[in-house]
Every structure is written in C-alpha cells, then in structure tokens.
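Okay, structure first, notes after.
Throughout, read-outs are computed from the coordinates displayed, never taken from laboratory work. As the structure is a prediction and not an experimental result, all values here were calculated from the model. Here the Cβ positions follow ideal geometry from the backbone for every residue, glycine too, while neighbour counts run over all protein chains shown.
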Amino acid sequence: MTILNKTLVTAGFAALLALGSGCKKYLDVNNDQDRPVDAPPAAILTGAEVTAAYTIGGADVALTASLLTNQVDGTSQQFKNYQLYQIVADNLTTCWGNLYQGTLNDLVELRKMSEPKKWYFYSGASKILIAYVLGTSTDLWGDIPYSDAFQGLDFKFKPKYDKQEDIYKTIDGLLTSAIADLNQPQLGPVPGGNDVLYGGDPALWIKFANSYRMRTLIHLTKKDPAGYAQKVIDASKAAGGIIGAGEEAAVAFLNDPTRANPVQQFNAQRPGYITYDQSFMINQMKALGDNRVGPYLGGAYDSKTSPVYLLTAYELDFILAEAYARLGQDADAQAHYEAAVTGSFLSVKADPTGYLAKPEVKYDPAASATDKLNLILTQKYYAMYLQAENFTDWRRTGFPALTSKNAGKEIPRRYPYPQSELSYNGANVPTGISLTTKMWWDQ
C-alpha cells in the first residue's frame, strides 16, 4: 500500500526537526560525523529516508537536472546561470554534504549498528538506501568515495574515490545482501510509522530492491545493449517481485510551510528563480493535447503535500518497454509502454482516453529500432516530470533530442565536484574533468 494512504507519514515526521528549502541540511541525527550514532535506529531510518527524499527531490538534484533536460527554465539568480550552463563547484557543496555527511553517513552507521545485533530489517533497509543514494550520487558526479569513506574513527578523513564501474558493482552487491537480510526468518526490531517509505514491511522493501536493480541495469545499456536489456527482464522476474501500482517508493510531505514538499518550499521562498509553464517539455506536451499539463502546472508535484517519488511502477514499465524493444520483442515492449503511459496519467489523475491512439504516441511495431526507443524515452521524459532520472536517460540514449539553451555550449553531462571536496580532499578528487566529460556508463 502506498505511503500516501498511510497515517505513518505524520508519525515519521514527528521525529524530524523543522525543514528548510533548497538543498540545505535540515535533519542530522548524528551531528558529530566522527563518532558512532547513538540515536535509536528507527529515528536514524526516518531521518535518512526524509533527508534523501528532500535532497533528491529538491532544487539541487531534481530541479537542476530538470533544467538541464529542458523540463523547466532558470530565470533568476543561480538558476539563470545554470540556464547558461555556468555551474561551478561552490553551487553544490551543500547538496554533496547532505548526501554524504548526512544521509550516507547515517545509513552506514545504521548498518554497522544493525549487523552485529542481527537486526536484519534495519541492515537490509539501510543497504537498499545506501545503494539508492550511491546510485544517485554516482550518476551525478561519476567517480565518488565509498569503499574508503565513512571511517573517521579510523582517521581516514580523506577517502579515495572509487571508479563508477566499481560503485555499480557495489550497488549490486548491496542489493543482493539486503534481500538476503530481509528474507531472514527473524528480522529483529521492525519500525512501524518511523519507516516512512514502507511502514516496516520487508516484502515491499524486497520489491524496492529488485525494482531499483532494474533501474541500475538499464543505465548500462551503452556497454552491452542486448545483454543488459536481458538482465533487466531477468531482474523483473526475481523472487519477491517488483513494485506495482500503489507500492511506489515515495515520501509524502506535510501541509506546513517548514515541512512541505521541497519544490514547493523552493518556489515559495525563491519565487521567479525557475519558471515552468513555457519550457520545451511543457510546450511539446501542449502541442500533443496532453492532459497531464494541467496537473503538472497545478500542483501535482509541487504542492505542500506532494510526495517525492524515489521509484514508481510506471517507471518500471518504461524500463521494461525499453528492454523488450532493444531485444526486438515488440508485443511485450508495446504492452509495457502502454501500461507505463497510462500509469503516468493515472498517477496525476489525468484522463488518458485517446492519448495512446495519437499518431505521435502510438507504438508501431513496424517502426525502426531507433524510432521505437525514441518514442519510449520521449514518453518516459514526459511522464517523469521533475525527476533527475531524465538526466541519466538523456545522457545514455540521446532521447529526447534536446537543444542547448546556450548557443555554442554543450549541455552538461555531469555535476562539478563540490568545493568542499576540492578544498579538503583535493588530492583524491579526479582531475581533467569538465561538465561535458562523459562518465563511465555514458561511453
């Protein structure tokens, strides 16, 4: 059952401090990053879930990635600079800190706390969230610290960077280990409302792990298109299943100015920095008579109580549609494509009637392989509004075709490393990298 229909949202937020806007850190259950966590595990989990959702769904991840993929436009202050692809190290230091010193640090400590005590629910959930935040981070920056990080007590304050290829292997291993933990007959203490994703339900966490593996595998299709397409399909059939409608990994926010959805807070506190209604994507959708435009511009994703989605059922259908299309299995590709588009409409209470019959939208088995992928990825782009995954999809496929907003400059393909890393861990930060340098899975 989706989090949006549970009363546990309020219970989870009761443990949180007041929230801020943008990508600032608003919750830190482990203020001293070099001592072990002494907070209750349920509180650590709540904090990690909400901080991850707030950061990934906020200005420096979701909105910046949406700007780079022409879903929104930057019109003032730093977002006007972003519109011109002037993104510098100082811009993203706080966001890196939220993901590393905040979310990942707390999750690693939760894992360390849980494993020796055989608290299998907490160790499993922490590993899945570590995998998710690592995946988000490496898809933005490329090579990142992990294997040598989070060891302040061992005096390793300047961790080496792991190659992106190795991070992806780490993610796969974390998911496998997490599923094994969650399948244990005795899970130890299990949170209730403090788990604001799934209410302490291990079966749903296993589905989340299987589903997230599908996303990571589809990222690698440049390396082996058919091979990774088949791996995606295999992952969708894994024991425990994948998330379906009503089982989305989502964190809901509250009807409170300081505990509201991060995009809503950003728009309220920084009006005019970003505009939404005349972007390339919105104009394309208007031309199609797409009924999602109204909900998109009317608060479906940026009202106070709008959830931040980490993974949805309709995204998985798009992933499967792409995988089957790459293998030339049109019947399955079409079925998942149509389910994905319909699921996206229903998620924002828009009427999908007639949309799939439009010539520009209809799946044509006789079309070229390139045209099929273009169709699937373009419709996925329309469906996943204000989600950073679009930035990854565009880089790895080239779909939809995007035009640079700054003539003569290429659209960035990565974030710059933050100034905090350049200042304090500069010897380990990769060199010779620009905003347009392709990362490992993009080559």
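What to note about this one:
- Extreme residue, surrounded by the fewest Cβ atoms within 10 Å (Cβ to Cβ), among residues of the stretch 74-132 that are of a type in the set (D, E, K, R) and touching a helix residue (DSSP H, G or I) at 6+ places or on another chain (Cβ under 6 Å): Asp90
- Considering the stretch 366-392, and only residues there that are in a helix (DSSP H, G or I), touching a residue at least 12 places away in the same chain (Cβ under 8 Å) and of a type in the set (S, T, N, Q), the residue that is nearest to Phe280 (Cα to Cα) turns out to be Thr378.
- The residue that is nearest to the chain's Cα centre (by Cα), counting only those in the stretch 214-230 that are part of a helix (DSSP H, G or I) and hydroxyl-bearing (Ser, Thr, Tyr), is Thr216.
- Identity of the residue in the stretch 413-430, of a type in the set (Phe, Trp, Tyr) and under 22 Å from the mean Cα position of the chain (by Cα), that ends up nearest to Ile144 (Cα to Cα): Tyr417
- Residue match in the stretch 248-264 (condition: among the hydroxyl-bearing types (Ser, Thr, Tyr), in contact (Cβ under 8 Å) with a residue 40 or more places away in the chain, out of contact with any Leu (no Cβ under 7 Å at 6 or more places or on another chain) and surrounded by fewer than 24 Cβ atoms within 10 Å (Cβ to Cβ)): no
- Only one entry of Leu104, Leu175 meets the criterion of being within 20 Å of Asn428 (Cβ to Cβ), in contact (Cβ under 8 Å) with a residue 24 or more places away in the chain and assigned to a helix (DSSP H, G or I), and that entry is Leu104.
- Some residue of the stretch 277-296 being buried (at least 16 other Cβ atoms within 10 Å of the Cβ) and over 26 Å from Thr403 (Cα atoms): no
- Any hit, the stretch 144-152, residues being buried (at least 23 other Cβ atoms within 10 Å of the Cβ), assigned to a helix (DSSP H, G or I), touching a Ser or Thr at 6+ places or on another chain (Cβ under 8 Å) and hydrophobic (A, V, I, L, M, F, W, C): no
- Odd one out for Ile242 among (1) buried (at least 23 other Cβ atoms within 10 Å of the Cβ); (2) in a helix (DSSP H, G or I): (2)
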